[in-house]
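The values are calculated or read from the model by the stated rules, or taken from the named source; none is laboratory data. Computed from a prediction, not measured in an experiment: that's the story for all the values here. All Cβ positions, glycine included, derive from the backbone under ideal geometry; neighbour counts span all protein chains shown.
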Amino acid sequence: MSDKQQVTQRWEAYIEKIKARCNEMIAQANAGTDAFIPQLLFDTNAINNAWTGIKGQVFQLDDKLDEGWDKMDDLMDKAGFKSKEWDAEYAKSGEAKIQIHWQYEKNYILAMAKAARQVLFNVKNHINENKIHTCTQCGNALNISVYSFRAKNIKCDACEAVNTYKPDDRIIALESWVLVPLANEQALAEKEAEYFAEERRSYADNPSKEENENVVKLRKASINKYYQYLIDSIPEKADHYVRQRDQRLEWAERLNY
Ligand SMILES: [Zn+2]
């Protein structure tokens, strides 16, 4: 084996070691999530906080890759690497960083979705859907959907008095604790495609027109998937989400920032 091959092999082994460390951290975090989920009540704060801590640790692996690269410098010099070969080796750590970051992001999204399902289960168990809501003026039963996300004025069929119905706080909170994480999970495949195209584009010195167009296309696909879930799940707030989606779609066109 040539000196160059030996150096390359050593570098690749180092990168693999860092990736394995990342997998270990993520596996631990997932085990922690699974153990804690049964203790959740009506919010997912505890899981979110745990993963924020893990994020710091996982992203520190970037520094490990940089340290490793610094040590390769001298070895590559001695082995006589040419500039192009040098770039190719360096690109391997860039690619590893991209993969490690996504590994975190993907598992975070899945953990939050799991936690969200537990919260949804708990809320459903605590809400009495059959409770009768009556008109404050005449006592007639009001036609109310318990799973509402904002306060509503409801006119009584019998006496026409307007009653204000305020949904249970735990139901209102489902929007952020449950539906947003589930929307992220729904759009996971689109997010992944967008993420890799976006990151690789940012590492390219001079991205091609096709590469740029592809990033815009994938951004839009991921935005559409995410918002469609929220629009379908919360029809009463569809206007709000359509507006937000359209703003994001406009942003998706912008590549130079
Ligand atoms: Zn009434």
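Of all the listed residues (159, 135), the sole one being out of contact with any Phe, Trp or Tyr (no Cβ under 9 Å at 6 or more places or on another chain), surrounded by 15 or more Cβ atoms within 10 Å (Cβ to Cβ), at pLDDT 95 or above and not assigned by TED's automatic domain parsing to the domain that holds residue 198 is 135.
Taking the conditions exactly as written (without any contact (Cβ under 8 Å) to a residue 40 or more places away in the chain, exposed (fewer than 12 other Cβ atoms within 10 Å of the Cβ) and of a type in the set (Gly, Ala, Ser)), does residue 80 satisfy them or not? Here the answer is no, as residue 80 does not meet what is asked. Going through (1) surrounded by 15 or more Cβ atoms within 10 Å (Cβ to Cβ); (2) more than 30 Å from residue 176 (Cα to Cα) one by one, residue 102 falls short only on (2). A Cβ distance below 7 Å, combined with a sequence gap of six or more or placement on separate chains, defines the contacts here; from region 132-158, residues that are without any contact (Cβ under 8 Å) to a residue 40 or more places away in the chain reach residues that are basic (Lys, Arg) in the pairs 151/166.
What about residue 86, is it aromatic (Phe, Trp, Tyr), at pLDDT below 95 and surrounded by 13 or more Cβ atoms within 10 Å (Cβ to Cβ)? Yes; evaluated as a whole, the condition is true for this residue. Going residue by residue through region 181-194, is there one that turns out to be outside any helix (DSSP H, G or I), of a type outside the set (D, E, K, R), more than 16 Å from the ligand (Cβ to nearest atom) and surrounded by 15 or more Cβ atoms within 10 Å (Cβ to Cβ)? There is at least one residue in region 181-194 that is outside any helix (DSSP H, G or I), of a type outside the set (D, E, K, R), more than 16 Å from the ligand (Cβ to nearest atom) and surrounded by 15 or more Cβ atoms within 10 Å (Cβ to Cβ).
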